[in-house]
Amino acid sequence: MTGWSLPVLHADDVAAEPEQTPLRTFVADNQPLIVDGIRSLGAALHLRVEVVGVAASASSLIGAPGLEACNLLVVDPRIADDCDLGIRRLPLLRELRDRYPGLPIVVLTLLDNPAVLHELLALDMRTVVSKLSPSPELLVAMRRAAMGETYLCARMRRLVEACPMSLRSALSKREREVIRLLAQGLTVTTISEHLSRSVKTVSRHKINAMRKLGIENHSQLYAYAHEAGLDV
């Protein structure tokens, strides 16, 4: 993953240009302060940011009329958590990418899991910004995304560097099955009985899956399974 470059904030990154195309932005976030912050920050930095739609849940986002009028989507995948459609965070992003293949998407997140970040990148989510990043960095990411550029904030870059894609490989069918069952609350012993495999074999599948995903502990493993929708 040597193609990612660390973001450096320059005045030119956030200064408005005379012929700048308005960022007609749809914001999908369940925190009103995020929407207000995007509006206020855009005005303070003299950027032409127009919020043309807002959604606080996945059910109100999918198929929202405002998505047809925007040229940029800012989304926190956590809006899927309270969704009555039964969709999870990564499947939500996958559906958005499938429905709107040409729409620039900025993923605004609190994630700290390298495996989940790599899944985002695999879904062609090329712009990812932490909610803990400095506010102007979000505006930089929005402009870069609208221009078709790839952008990771410094926090996300560190996650990529912690587990480079070159060190990862795809999970086997059995490894994925073991993670799914673990995430549903089954023990290794129960899984071994369910799959008619030895406890040692199931444990090896779990350890191999964690190594491939760059995951160091069970909390990260369960978080990955939840984000990917493997625990349902």
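Every number here is computed from the coordinates shown, using simple stated rules; none is lab data. Note that this is a predicted model, so its numbers are computed, not measured. Backbone-built Cβ (ideal geometry, glycine too); neighbour counts: all protein chains shown.
Please compute the alpha carbon radius of gyration of the range 169-213, then divide it by the globular-protein estimate 2.2 N^0.38 Å. Two decimals is fine. Walk me through the numbers before you get to the answer.
Numbers: Rg = 9.5 Å, N = 45, 2.2 N^0.38 = 9.3 Å.
The reported ratio for this selection is 1.01.
Which whole-number percentage describes the relative contact order of the range 169-213, with Cα contacts under 8 Å and a sequence gap of 6 or more? It would help to have the intermediate numbers written out before the result.
Numbers: 29 pairs, mean separation 23.0, N = 45.
After rounding, I find 51 percent.
The overall shape of the range 87-230 is prolate: from the C-alpha gyration tensor, with semi-axes ordered a ≥ b ≥ c, the ratio a/c is 1.5 or greater and a/b exceeds b/c. Placing +1 on the Cβ of every Lys and Arg and -1 on the Cβ of every Asp and Glu, with nothing else charged, gives the range 12-165 a dipole about its Cα centre of roughly 180 debye.
Along each principal axis, taking the top coordinate minus the bottom one, the Cα set of the range 12-165 gives 42, 36, 27 Å in descending order.
Where both partners of a DSSP beta bridge lie in the range 12-165, what percent of those bridges are antiparallel, to the nearest 5? Antiparallel bridges make up about 0 percent of those DSSP assigns within the range 12-165.
For a protection proxy built on the mean count of beta-carbon atoms within 10 angstrom, sort 182-191, 23-32 highest first, please.
Values: 182-191: 15.5, 23-32: 21.0.
So the peptides 182-191, 23-32, ranked by packing, come out 23-32, 182-191.
Distances between every pair of Cα atoms in the range 80-131, grouped in 5 Å steps from 0 to the bin holding the largest one, split as 4, 19, 30, 27, 16, 4 percent.
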